[in-house]
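K.L.:
This is the structure, below, for whatever I ask next.
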Amino acid sequence: MRTFVALELPEAFEDEVADLARQLSGMVSGRFMKRETYHLTLAFLGEIGEAESREVIAALDEVAGSCDTVALRPESLGTFGKPRDCTLWLGLTQTDELMTLADELRTQLDKRGIAYDCKAFRPHITLARRVVLPKAPLEGLVFPAADTACRLTLFKSTLSQEGASYKPLYSVELG
Ligand code: 2AM
């Protein structure tokens, strides 16, 4: 199964992210993500089997025992890809606590021999894919207020023509 580990978002924060996405949907064209897909990925694992998933669960338990809840501080919009076909995301401030949490998770995965995408961690929440950006800057947007993430989850990702759907497999509470 295709998997990743992510922070779940508090409901009030999700509401405000959805509100930002609504503002953007009037300014850019693209395939906007459903609200229930919002998350903050800490490590993308890709394909894993049963035995590996048990190791990932052990890693999450270990992380939950040593890491506190983390602040989510919306910072700016960002994109991956070309301006006429990109992924549009909300970037979060790389606070020490958030970077330490991602480091700790990755250390625990390393200890158990679980491979993950090693690209540098860039905290973001994907808002839309296949986006065509306008030439003019995106202005006048209201960003979500800062909040706190408390739950770390192993997700299964299923790809289909309608886009990916994510199912939580195992969660731990931080702090
Ligand atoms: P994205 O939204 O920027 O594509 C599930 O695919 C989650 O894992 C998404 O948050 C996705 O980020 C993230 N992710 C990180 N590395 C990935 C990779 N190599 N392939 C697919 N998704 C990846």
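None of the figures in this text is laboratory data; all of them are computed from the coordinates on show. Remember, it's a predicted structure, so these values are computed and weren't measured experimentally. Neighbour counts are summed over all protein chains in view; Cβ atoms, including those assigned to glycine, are modelled from backbone coordinates with ideal geometry.
K.L.:
Over all directions, the average projected area of the alpha-carbon convex hull for the range 44-125 comes to how many nm²?
P.N.:
6.3
K.L.:
Moving on. Arrange the peptides 124-132, 95-103, 78-86 so that the one whose residues have, on average, the most other Cβ atoms within 10 Å appears first.
P.N.:
In descending order of packing, they fall as 124-132, 95-103, 78-86.
K.L.:
At 25 °C and 0.890 mPa s, grab the translational diffusion coefficient of the chain from Stokes-Einstein with a Kirkwood Rh over Cα pairs, rounded to a whole number in µm² per second.
P.N.:
Rounded to a whole number, D works out at 146 µm²/s.
K.L.:
Same structure again: Length gain on complete extension for the stretch residue 85 to residue 23, per 0.36 nm per residue less the alpha carbon to alpha carbon distance?
P.N.:
20.4 nm
K.L.:
While we're here: Return one number: the angle in degrees, 0 to 90 and rounded to the nearest 10, between the long axis of the Cα atoms of helix 50-66 and the longest principal axis of the Cα atoms of the chain.
P.N.:
It works out to around 80 degrees.
K.L.:
So, one more: What is the magnitude of the charge dipole of the range 71-175 about its Cα centre, with +1 placed on the Cβ of each Lys and Arg, -1 on the Cβ of each Asp and Glu, and no other charges, expressed in debye to the nearest 20?
P.N.:
Magnitude of the dipole: close to 500 debye.
K.L.:
Answer rounded, prolate or oblate for the range 1-76, using the Cα gyration tensor with square roots of eigenvalues a ≥ b ≥ c: rounded when a/c is under 1.5, else prolate when a/b is larger than b/c, else oblate.
P.N.:
In terms of gyration-tensor shape, oblate.
K.L.:
A further question follows. For the chain, take the longest principal axis of its alpha carbons; what is the angle in degrees between that and the long axis of helix 96-111, to the nearest 10 within 0 to 90?
P.N.:
It works out to around 50 degrees.
K.L.:
With everything on Cα atoms, drop me the angle between helix 11-25 and the longest principal axis of the chain, reported from 0 to 90° to the nearest 10.
P.N.:
Result, in degrees: 40.
K.L.:
Please rank 111, 119, fewest neighbouring Cβ atoms within 10 Å first, as an exposure proxy.
P.N.:
119, 111
K.L.:
With each pseudo-label sitting 7 Å past Cα toward Cβ, what's the residue 171-residue 75 distance in nm, one decimal?
P.N.:
Simple spin-label model gives 2.7 nm for this pair.
K.L.:
Remind me, relative contact order of the chain in percent, using alpha carbon pairs under 8 angstrom and six or more residues apart?
P.N.:
Across the chain, relative contact order equals 37 percent.
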